[in-house]
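Sharing a structure here in structure tokens format.
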Amino acid sequence: MQSFLNWLDARTDYRQLLAPIRMRVLPAGPRWAYSTASCLLWLFIVQLVTGLLLMLSYSPSTTTAWASVHFIEQTAAGHFLRGVHHFTSHALIILCGVHVVRVLLARAFQAPRELLWITGLLMFPLMLVWAISGNPLSGGLSGVSQIEVEGHIIGSTPWVGPLIQRILIGGEEAGHLTLTHLYFLHVGLLPLLVIGLLLFHIGQVIRHGLSVAELGGPQDDVSRWSAPNLTHLIAAHTSPLPPPRLKYYPYQTVRNMTVVTVVLGIISAIAGMHGAPLDAPADPTLPHTPRPEWYFRSLFELRRYFVGDWEFVATIIIPGAVLGFFVLFPMLNRKCSPRVSLIHRALVLLVGVGAWIGLTGMSYLRDWNDAEYLASSAETEALSARARDLADRSLLPPEGAITLLRDDPKTQGPLLFARHCASCHSHADASGQGMVASEPSAPNLHGFGTAAWISGKLDPQRIVSEHYFGKTKFTEGDMVSKIKELFDGIEEAEAAKMRDDLKLVAQALSAEAALPRAAAADHDAQAPIVTGRELLSGRLACTDCHKFRDQGELGSAPDLTAYGSREWLLGMIGNPQHERFYSGDRNDRMPAFAEDTEHPERNLLSPRELNLLVDWLRGDWYEPPTTSIPAQRRNATLAGN
Amino acid sequence: MSQPHLDLHQTPSGEPRRGFMTHILAAGIGLLVGAVPAVSGLAFFLDPLMRKKKDGSGDGFLKMPVSLEALEVNGEPQLVKIIMNKVDAWNTYLNQPVGAVYLRRADKETIVAFNSRCPHLGCAVDYKPSEKHYFCPCHTSTFGVDGVKQNEIPPRDLDALEVQIRNGGEVWLKFQNFRATTPEKIPVG
């Protein structure tokens with residue numbers, strides 16, 4: 001072994017290359033606090049490795065980005081790696097902040113280390129940009145809205161702003177090129193820039209050796225430690241020999257590695273348990289309130305105080321001035337005595353950190369007290385969970401993930417109902433949950449077609465309530481009077497029998513609707529359904545007015561054949577005045593939403609929208625099994641660990 | 001633990017024993033930190049090897065767009081495109097051409113089908129009516145009309161596929177691809 005290492009050293013000089021670490025001596029001994037730099041470097045390497053691995057399966061375009069990220073999430077390893085990549089980006093930003101504070105406190109920016117300080121500071125905003133350029137790559141709702149807003153902020157810069165915005169977004173609107181451009185930034189340009197600065201930064205650390213604090217306090221002869229240093233360090237090491245405990249390796253190294261292990265352990269635990277977020281696929285038609293990441297919250301809050309033409313003060317002038325102040329800080333601080341410098345630095349730190357925490361906290365407080373924002377973000381989370389459930393179910397069509405929610409009755413139904421129906425109809429359960437029309441003037445359609453809903457319509461009291469015909473002209477009509485007649489002048493015992501019969505009729509009619517969620521119940525209730533059908537056309541004489549199968553005629557009342565079925569509802573909403581429903585002037589104000597079958601584009605609802613609305617009214621949508629596939633997979637992962 | 005690699009770090013004066021333990025600790029923690037991303041990274045990298053192709057529904061037979069009667073007894077092979085749903089990572093593409101087969105009616109009752117992929121390196125073979133053989137343009141493999149290889153370039157004969165005649169004249173075929181370059185027929189996927 002030794003002879004091999006000698007052989008290797010003779011050819012590579014690796015011992016000399018490693019000398020800055022192997023020979024480094026810390027006269028004041030190792031410190032836990034010195035670990036920030038090493039920890040940053042290791043997390044940076046973790047980002048490079050996990051990022052590189054994610055590139056194996058990621059595909060940047062509006063049709064593939066979300067789908068490929070969801071694909072990555074399907075495997076335990078992919079889920080974990082993406083989680084580590086996501087949470088390490090946050091950890092890097094926090095640690096960058098801690099590192100800057102530590103360097104500031106140690107006055108480690110003093111001559112001749114100004115360039116070390118400046119390159120470090122320049123890396124900080126680059127890291128932030130690097131992080132936010134990664135968010136939209138998943139093609140998710142919040143990431144894409146963020147980059148659009150950030151694009152407009154850049155665009156508001158005088159002169160060059162609009163040009164940079166156009167290049168960043170790849171045109172006027174977010175699309176394929178936005179993702180490829182951000183990808184270029186995220187995996188190409190920014191890594192090169194940051195790695196370049198980082199190498200220079202580390203080179204400077206080696207060149208200048210130890211800072212004042214590391215030497216054990218202010219020294220008169222700083223230059224002793226900042227002379228051309230490689231040979232110097234070795235010389236310092238060999239003659240005279242320092243006490244071994246003061247060596248950087250392994251005494252500082254073991255501290256560094258412990259800190260890195262703890263930090264990475266925390267990141268891995270969060271990544272394994274929660275994974276990186278994946279929002280619903282970006283879609284401008286979905287409701288969403290964008291918010292910046294936590295590290296930009298202070299600027300987001302600041303922008304509130306500079307409105308209109310003054311906005312650029314918050315978005316450009318102040319951040320630029322703060323960065324400039326810090327870059328120039330070593331020059332400003334140079335002539336100060338240690339005591340004045342300490343006051344100087346403490347003040348900067350207090351004001352800086354205080355302002356940052358204050359603005360950030362204020363921004364979050366504002367949101368936590370904003371019921372509308374909270375509702376909107378809960379809605380975004382619900383949409384996101386829904387999109388993931390749908391994507392877990394089957395592979396995507398070539399048009400991509402945007403179709404998941406656009407073709408989902410559960411998502412689109414309420415939006416369509418709110419836009420087209422809710423001015424008259426409510427859609428709310430018994431406790432009032434759901435959509436309540438401000439002035440209901442038509443039946444509440446929650447549970448339409450179920451036996452419970454039909455039972456209510458066949459009840460002499462409830463049919464005239466506002467949930468059914470109460471606010472329509474039918475409240476004076478034949479249906480209401482016939483139902484009332486059924487109960488006219490009969491004994492309580494007979495009335496109870498009548499209620500039971502009507503329940504059977506409701507069951508029979510609900511079976512006509514063939515609701516997917518009632519399939520099992522319908523199947524188990526064949527006998528009552530048959531009895532209900534007989535009552536309908538027999539003793540209760542519904543077919544005097546209504547058509548039901550081969551009994552009765554069309555024209556005087558809605559057809560009860562296939563009542564509430566998909567096809568029946570498509571027809572009813574399409575054109576209620578059709579003779580199958582409320583022919584001619586029997587119809588009470590309900591518009592025809594798809595009357596023109598020849599020219600669907602002239603209708604209020606397109607065939608697609610009409611289908612989505614009907615499926616939603618009938619509760620006909622996919623629901624995932626109670627333990628979803630990713631939950632099972634995650635459990636398996638945890639068990640495996 | 002073997003001694004030699006520690007020698008490197010020892011100063012001539014010798015270090016206290018705690019120094020030795022600290023070396024081990026530093027190296028051990030370093031390995032641990034590296035292992036977690038390395039293992040998950042390797043698993044992610046090897047994902048294509050672990051991913052199993054999902055079985056399609058049914059018996060795997062497809063109805064061909066030609067009937068038994070449409071093919072001449074002992075006539076020339078006919079090239080038929082295979083149209084199936086294609087699964088590509090996260091997408092399903094409906095009704096895509098996924099390959100092609102040569103169908104030939106060997107006698108009144110029998111249809112012989114060959115996958116058009118050359119068993120050598122997977123190029124598509126052409127049927128040359130003038131030569132009465134299949135010819136691969138990539139490396140000049142040739143096969144007789146019965147699929148038997150006629151030179152030593154391909155490792156095996158053309159890959160025959162299972163065919164069934166159903167309902168008195170419908171041609172149903174089980175489409176499969178096989179691994180190239182091997183003397184045996186090994187199904188892919």
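Could you grab the pairs with beta carbons closer than 8 Å, sequence gap of 6+ or different chains, first residue in the range A:157-186 and closer than 24 Å to A:I402 by Cβ, second one of a type in the set (D, E) and part of a loop (DSSP other than H, G, I, E, B)?
Note: pairs meeting the criteria are A:R166/A:E172.
Would it be correct to say that B:N115 is within 21 Å of the chain's Cα centre (by Cα) and either of a type outside the set (S, T, Y) or modelled with pLDDT of 95 or more (or both)?
Numbers: within 21 Å of the chain's Cα centre (by Cα): yes; either of a type outside the set (S, T, Y) or modelled with pLDDT of 95 or more (or both): yes.
Yes; evaluated as a whole, the condition is true for this residue.
Yes/no per residue for (1) without any contact (Cβ under 8 Å) to a residue 12 or more places away in the chain; (2) of a type outside the set (S, T, Y); (3) within 30 Å of A:D283 (Cβ to Cβ):
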| residue | (1), (2), (3) |
| --- | --- |
| A:L8 | yes, yes, no |
| A:P27 | no, yes, no |
| A:S61 | no, no, yes |
| A:I93 | no, yes, yes |
| A:R102 | no, yes, no |
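Right, another one. Condition first: without any contact (Cβ under 8 Å) to a residue 24 or more places away in the chain and either surrounded by fewer than 13 Cβ atoms within 10 Å (Cβ to Cβ) or not in a helix (DSSP H, G or I) (or both). Now tell me which residues in the range A:333-357 satisfy that.
If the condition is that a residue be without any contact (Cβ under 8 Å) to a residue 24 or more places away in the chain and either surrounded by fewer than 13 Cβ atoms within 10 Å (Cβ to Cβ) or not in a helix (DSSP H, G or I) (or both), then A:K335, A:C336, A:S337, A:R339, A:V340, A:I343, A:A346, A:L347, A:L350, A:V351, A:G354, A:I357 are the ones that fit.
For the range A:94-133, give me the residue count where each residue is polar (S, T, N, Q) and not in a helix (DSSP H, G or I).
Here is the first cut: in the range A:94-133, the residues polar (S, T, N, Q) are A:110, A:119, A:133.
Imposing the further condition that a residue be not in a helix (DSSP H, G or I) reduces the set to A:110.
Number satisfying all stated conditions: 1.
Where residues in the range A:249-303 are among the β-branched types (V, I, T) and more than 14 Å from every other protein chain (Cβ to nearest Cβ), which of them is surrounded by the fewest Cβ atoms within 10 Å (Cβ to Cβ)? Break it down stepwise before answering.
Going residue by residue through the range A:249-303, those that are among the β-branched types (V, I, T) are A:253-254, A:258-263, A:266-267, A:270, A:285, A:289.
From what's left, more than 14 Å from every other protein chain (Cβ to nearest Cβ): A:285, A:289.
Values: A:T285: 10, A:T289: 16.
For the range A:249-303, the residue satisfying everything is A:T285.
Let me ask something else about it. Only residues that are assigned to a helix (DSSP H, G or I) and either within 14 Å of chain B (Cβ to nearest Cβ) or within 17 Å of A:I72 (Cβ to Cβ) (or both): list them for the range A:379-399, please. Explain how you work it out, then say what you get.
Step one: filter the range A:379-399 for residues assigned to a helix (DSSP H, G or I), giving A:379-393.
Answer for the range A:379-399, where residues must be assigned to a helix (DSSP H, G or I) and either within 14 Å of chain B (Cβ to nearest Cβ) or within 17 Å of A:I72 (Cβ to Cβ) (or both): A:S384, A:A387, A:R388, A:L390, A:A391, A:D392, A:R393.
Output the number of the condition that A:G564 fails; it satisfies all remaining conditions of (1) small (G, A, S); (2) crowded, with 21+ Cβ neighbours inside 10 Å; (3) free of Cβ contacts under 8 Å to residues at least 60 places away in the same chain; (4) closer than 22 Å to A:W616 by Cβ.
The one condition A:G564 does not meet is (3).
Could you please find all residues in the range A:400-409 being buried (at least 19 other Cβ atoms within 10 Å of the Cβ) and either among the small types (G, A, S) or more than 14 Å from chain B (Cβ to nearest Cβ) (or both)?
Filtering the range A:400-409 down to residues buried (at least 19 other Cβ atoms within 10 Å of the Cβ) leaves A:400-402, A:404-405, A:408-409.
Answer for the range A:400-409, where residues must be buried (at least 19 other Cβ atoms within 10 Å of the Cβ) and either among the small types (G, A, S) or more than 14 Å from chain B (Cβ to nearest Cβ) (or both): A:G400, A:A401, A:L405, A:D408, A:P409.
Among residues belonging to the range A:64-88 that are among the polar types (S, T, N, Q) and modelled with pLDDT of 95 or more, point out the one that is surrounded by the fewest Cβ atoms within 10 Å (Cβ to Cβ). Even if it seems obvious, please write down each step before you answer.
Narrowing the range A:64-88 to residues among the polar types (S, T, N, Q): A:64, A:68, A:74-75, A:88.
Imposing the further condition that a residue be modelled with pLDDT of 95 or more reduces the set to A:64, A:68, A:88.
Values: A:T64: 22, A:S68: 24, A:T88: 24.
It comes out as A:T64.
Okay, moving on. Can you pull out the residues in the range A:522-532 that are part of a helix (DSSP H, G or I) and closer than 11 Å to A:Q507 by Cα?
Taking the range A:522-532 first, the residues part of a helix (DSSP H, G or I) are A:522-524, A:526-532.
Hits for the range A:522-532 are A:D522, A:Q526, A:A527, A:P528, A:I529, A:V530, A:T531, A:G532.
Before we move on, is A:A91 more than 10 Å from chain B (Cβ to nearest Cβ), among the small types (G, A, S) and either surrounded by fewer than 20 Cβ atoms within 10 Å (Cβ to Cβ) or in a helix (DSSP H, G or I) (or both)?
yes
Filter the range A:533-588 down to residues that are polar (S, T, N, Q) and part of a loop (DSSP other than H, G, I, E, B) and give me whichever is farthest from the chain's Cα centre (by Cα).
Start the filter on the range A:533-588 by keeping residues that are polar (S, T, N, Q), which leaves A:537, A:543, A:551, A:556, A:561, A:565, A:575, A:577, A:583, A:587.
This time we only want the ones that are part of a loop (DSSP other than H, G, I, E, B), so: A:556, A:561, A:565, A:575, A:577, A:583, A:587.
Numbers: A:S556: 52, A:T561: 45, A:S565: 36, A:N575: 40, A:Q577: 45, A:S583: 48, A:N587: 45 Å.
In this case the residue turns out to be A:S556.
Name the residue that is surrounded by the fewest Cβ atoms within 10 Å (Cβ to Cβ), counting only residues in the range A:1-29 that are more than 10 Å from every other protein chain (Cβ to nearest Cβ) and in a loop (DSSP other than H, G, I, E, B).
Top of the filtered list is A:D13.
Given the conditions (1) away from chain A (no Cβ under 14 Å); (2) without any contact (Cβ under 8 Å) to a residue 40 or more places away in the chain; (3) among the small types (G, A, S), which single one is not true for B:A89?
Of everything listed in (1) away from chain A (no Cβ under 14 Å); (2) without any contact (Cβ under 8 Å) to a residue 40 or more places away in the chain; (3) among the small types (G, A, S), B:A89 misses just condition (1).
Condition (residue is over 18 Å from A:A451 (Cβ atoms), touching a residue at least 24 places away in the same chain (Cβ under 8 Å) and surrounded by fewer than 21 Cβ atoms within 10 Å (Cβ to Cβ)) applied to the range A:525-536: is it met by at least one residue?
Of all residues in the range A:525-536, those over 18 Å from A:A451 (Cβ atoms) come to none.
No.
Further, regarding this structure: Step by step: first the residues of the range A:555-569, then only those that are among the aliphatic types (A, V, I, L, M) and in contact with a His (Cβ under 9 Å, 6 or more places away or on another chain), then the one that is nearest to A:E534 (Cα to Cα). Which residue is that?
Taking the range A:555-569 as the starting set, the residues that turn out to be among the aliphatic types (A, V, I, L, M) are A:557, A:560, A:562, A:569.
Narrowing the set further to residues that are in contact with a His (Cβ under 9 Å, 6 or more places away or on another chain) leaves A:557, A:560.
Values: A:A557: 19, A:L560: 13 Å.
Selected residue: A:L560.
Would a scan of the range B:35-54 turn up a residue that is within 14 Å of chain A (Cβ to nearest Cβ), surrounded by 14 or more Cβ atoms within 10 Å (Cβ to Cβ), within 30 Å of A:I266 (Cβ to Cβ) and β-branched (V, I, T)?
Yes, because at least one residue in the range B:35-54 is within 14 Å of chain A (Cβ to nearest Cβ), surrounded by 14 or more Cβ atoms within 10 Å (Cβ to Cβ), within 30 Å of A:I266 (Cβ to Cβ) and β-branched (V, I, T).
Could you list, ordered by first residue, the pairs with Cβ atoms under 8 Å in which the first is in the range A:612-624 and crowded, with 18+ Cβ neighbours inside 10 Å and the second is of a type in the set (F, W, Y), at least 6 apart or interchain?
A:L613/A:F417; A:D615/A:W621; A:W616/A:F417; A:L617/A:F417; A:L617/A:F448; A:R618/A:F448
The values are calculated or read from the model by the stated rules, or taken from the named source; none is laboratory data. Since the structure is predicted, the reported quantities are computational estimates derived from the model, not experimental observations. For neighbour counting, all protein chains shown are included, and Cβ atoms are generated from backbone atoms with ideal geometry for every residue, glycine included.
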